[in-house]
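Here's the structure we're looking at; comments come further down.
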Amino acid sequence: MDVKTETLRLLKNNKNFAARVENLLKLIEEKDKVVNSFIALNPDVLQQARQIEGLIHENKAGMLAGLVIAVKSNICVKGLITSCASKTLQNFKAPYDADVVRNVKQEHGLIIGMTNMDEFAAGSSGETSFFKPTRNPLNPELIPGGSSSGSAAAVAAGFADLALGTDTGGSVRNPASHCGVVGFRPTYGLISRYGLIDLAMSFDTVGVLSRDVYGAALLLEVISKGKHFDATSFPNAEQYFTKAAQQVLQANLESFKHLNIGIVKEFETLTDKTILKVINNAIEKFASETNSNIVELSLKHLNLGVQTYYPIVYTEFFSATRRFDGRKYGLPIENVSGSEVLRRILGGREISKAEFKGRYYRKARAALKLIKQELTDAFKKVDFIASATVPRPPHKLGTKLSVEEMYSYDALTIPASVSGIPAGTVPVVKQPFAIGLQVMAPEFQDVKVLKILRMFELL
């Protein structure tokens, strides 16, 4: 799809929707044997498609009617297997809908199935799933990125129009970059987490993936609406996404003039030279088209991002997984989990021990404040920060990497996560491998980020 001339809006209110869904199911049956983006499909999807098609004909359809949505397997969809891609929960059917899923259904979005992912969202490559790895649709020899690997791959392969993922340290933006699609992490607290199975509650947020920025804005506009039981969400959060999709469609380069675009010296040092060249060319073109200035920033505490993020994740993940003891549902997690899940459980157990009280977790929380303050100060000098999304090319599936090498995939995405600010990625090139450009802005400026991503999309 050429996003310069078409958007997902052309698929909305499709009066032959059921036939289109039937074709998508055939495509998934044929192609997903290789990609492995889905763990479970919705058995009632055709019946639901016909119902939505009827509403379209009666002009009673909601904002998402005519669009097909995939859901990451750690977000509860009533009646569907919500396994977190783990043997622990391989037979667990969610007894209720997550708030974001309920919002999607209310606007007649059709959920086609549950996507593959790194087990319990513990991973950066899409390789740790109990249900075997997901492959990158652009090149099946390469990783798709993680942990929302299946959601990104499903969108990139054309199996779904939109997808819900979750972003803890970059788990939406990372696979979006590798698969050549749009990915967005909203300001922490704007999207309900009710019905999301935690990795780390301090950072987890539901994010979106789409073939274009318009689709991401539309889905965010929908899922920000209703909240039932999530104490971490801001009240009336939907005000921050009012007419987001319409604003994205109306955005143009004339409305972005004389901006200060921040580039971070420390980010550039971490980034592969091939990727950096592509990203800098895109930033320079944006600056030229908008008569904007490129401002170099030095954020000396950003090199603490990975070291700050993982002790907190380990500790909170250990706490979150204590319910998976095999008594109420599922299997005991320590008995059946993969190596990365077990690493985080054991690491969190050690950090949580009484004799280590304050030595790791509290120091990590203190370092987090330094990173957040440094970014807050940087945004007083620039309107937004642009960078690569992932600092290195995707590796071949099965390549043995050290823990440090694997964790380094998130080096450029973690700062936004620990600061709670909005960040999105848009594809710049897709060959010989996909490269995504990341945009970050202060908290609650989510629509601004979406509009800037749209400008990069149109360059």
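The values are calculated or read from the model by the stated rules, or taken from the named source; none is laboratory data. Just so it is clear, the model here is predicted, and its values are computed rather than measured. As a convention, Cβ positions derive from the backbone with ideal geometry for all residues, glycine included, and neighbour counts pool all protein chains shown.
Within region 81-112, being in a loop (DSSP other than H, G, I, E, B) and either more than 11 Å from ILE39 (Cα to Cα) or at pLDDT below 95 (or both) holds for ASN91, PHE92, ALA94, PRO95, TYR96, ASP97, ALA98, GLU107, HIS108, GLY109.
Can you spot a residue in region 278-300 that is in contact (Cβ under 8 Å) with a residue 24 or more places away in the chain, in a helix (DSSP H, G or I) and touching an Asp or Glu at 6+ places or on another chain (Cβ under 6 Å)? No - not one qualifying residue is present in region 278-300. Those residues that are among the hydrophobic types (A, V, I, L, M, F, W, C), in contact with a Ser or Thr (Cβ under 7 Å, 6 or more places away or on another chain) and in a loop (DSSP other than H, G, I, E, B), I need them from region 48-80; list them, please. Within region 48-80, CYS76 is the sole residue that qualifies. For region 149-166, the criterion of being assigned to a loop (DSSP other than H, G, I, E, B) and within 14 Å of the chain's Cα centre (by Cα) is met by none of the residues.
Taking first residues from region 138-163 that are in the same structural domain as ASN74 (by TED's automatic domain parsing) and partners that are of a type in the set (Phe, Trp, Tyr) and at pLDDT 95 or above, the Cβ contacts under 7 Å between residues at least 6 apart in sequence or on separate chains come to ASN139/PHE433; LEU142/PHE433; GLY150/PHE38; ALA154/PHE38. Among the residues of region 420-440, just one is under 25 Å from SER202 (Cα atoms) and surrounded by fewer than 24 Cβ atoms within 10 Å (Cβ to Cβ), namely GLY420. Being surrounded by fewer than 19 Cβ atoms within 10 Å (Cβ to Cβ), outside the structural domain of LEU453 (by TED's automatic domain parsing) and in contact (Cβ under 8 Å) with a residue 40 or more places away in the chain is true of LYS15. Is there a residue in region 22-45 that is part of a strand (DSSP E or B) and more than 28 Å from LYS328 (Cα to Cα)? No, there is no match, as no residue in region 22-45 is part of a strand (DSSP E or B) and more than 28 Å from LYS328 (Cα to Cα). Residues in region 397-422 that are farther than 17 Å from LEU368 by Cα and either touching a strand residue (DSSP E or B) at 6+ places or on another chain (Cβ under 6 Å) or assigned to a loop (DSSP other than H, G, I, E, B) (or both): LEU397, GLY398, THR399, LYS400, LEU401, SER402. Would you check if there is a residue in region 405-416 being closer than 24 Å to ASN303 by Cα and of a type in the set (Asp, Glu)? Yes, that holds for at least one residue.
Residue count for region 270-317 satisfying the condition of being over 20 Å from VAL403 (Cβ atoms) and either among the acidic types (Asp, Glu) or touching a Ser or Thr at 6+ places or on another chain (Cβ under 8 Å) (or both): 6. In region 245-256, the residues that are closer than 13 Å to THR7 by Cβ form Cβ pairs under 7 Å with partners that are charged (D, E, K, R) and surrounded by 14 or more Cβ atoms within 10 Å (Cβ to Cβ), at six or more places apart or across chains, as follows: ALA245/GLU221; VAL248/LYS451; VAL248/ARG454; ALA251/LYS451; ALA251/ARG454.
Yes or no: PHE234 surrounded by 13 or more Cβ atoms within 10 Å (Cβ to Cβ), touching a residue at least 24 places away in the same chain (Cβ under 8 Å) and either under 27 Å from TYR96 (Cα atoms) or not polar (S, T, N, Q) (or both)? The answer is yes for PHE234.
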